[in-house]
């Protein structure tokens with residue numbers, strides 16, 4: 001029996017889209033406690049790992065263009081979570097780093113990944129395979 005390629009239930013992009021929306025919805029109450037949005041949380045994740053990063057590199061890591069990233073970073077700066085400063089090595093580059101307030105949120109956020117995984121009902125092998133498959137798709141698309 002042949003599958004209809006135009007049926008909604010046969011669209012991989014729809015399944016990824018719907019799952020992403022539902023997962024993001026699960027984050028909302030957890031992130032409200034930190035007073036950050038999901039995209040801001042992603043910025044914090046990068047900065048907790050690297051401490052300082054250029055806006056350009058941040059955009060690459062998060063798959064966000066500067067038109068989306070810049071206003072978000074301005075809001076985060078106004079909430080005293082990050083600092084934006086011109087690079088001393090290259091004045092064209094803007095560097096982003098954490099403030100003390102931004103660093104302090106890391107401890108509060110430590111429980112978030114575990115809380116999300118509890119709701120997903122996936123074992124370690126399924127989670128590993130999902131991340132591997134999504135990474136492969138993302139890398140393939142990104143190369144184009």
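One line per residue, one yes/no per condition, for (1) within 21 Å of residue 127 (Cα to Cα); (2) crowded, with 16+ Cβ neighbours inside 10 Å; (3) touching a strand residue (DSSP E or B) at 6+ places or on another chain (Cβ under 9 Å):
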position: 17; (1), (2), (3): yes, no, no
position: 21; (1), (2), (3): yes, no, no
position: 24; (1), (2), (3): yes, no, no
position: 33; (1), (2), (3): no, no, no
position: 49; (1), (2), (3): no, no, no
position: 53; (1), (2), (3): no, yes, yes
position: 58; (1), (2), (3): no, yes, yes
position: 73; (1), (2), (3): no, yes, yes
Would you be able to say whether some residue in the stretch 67-79 is farther than 25 Å from residue 34 by Cβ and either under 16 Å from the mean Cα position of the chain (by Cα) or modelled with pLDDT of 95 or more (or both)? no
Please tell me if residue 63 is surrounded by fewer than 15 Cβ atoms within 10 Å (Cβ to Cβ), under 16 Å from the mean Cα position of the chain (by Cα) and closer than 26 Å to residue 134 by Cβ. yes
Give the residue that is nearest to the chain's Cα centre (by Cα), with candidates limited to residues of the stretch 38-60 that are without any contact (Cβ under 8 Å) to a residue 24 or more places away in the chain and within 20 Å of residue 116 (Cβ to Cβ). 42
Could you grab me the full set of residues in the stretch 25-37 that are touching a residue at least 60 places away in the same chain (Cβ under 8 Å) and assigned to a helix (DSSP H, G or I)? 26, 27, 30, 31
In this structure, is residue 75 assigned to a helix (DSSP H, G or I), touching a helix residue (DSSP H, G or I) at 6+ places or on another chain (Cβ under 8 Å) and either in contact (Cβ under 8 Å) with a residue 40 or more places away in the chain or under 26 Å from residue 131 (Cα atoms) (or both)? no
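The values are calculated or read from the model by the stated rules, or taken from the named source; none is laboratory data. Everything numeric here is computed off the predicted structure, so don't read it as measured data. Here Cβ is always computed from backbone atoms with ideal geometry, including for glycine, and neighbour counts include all displayed protein chains.
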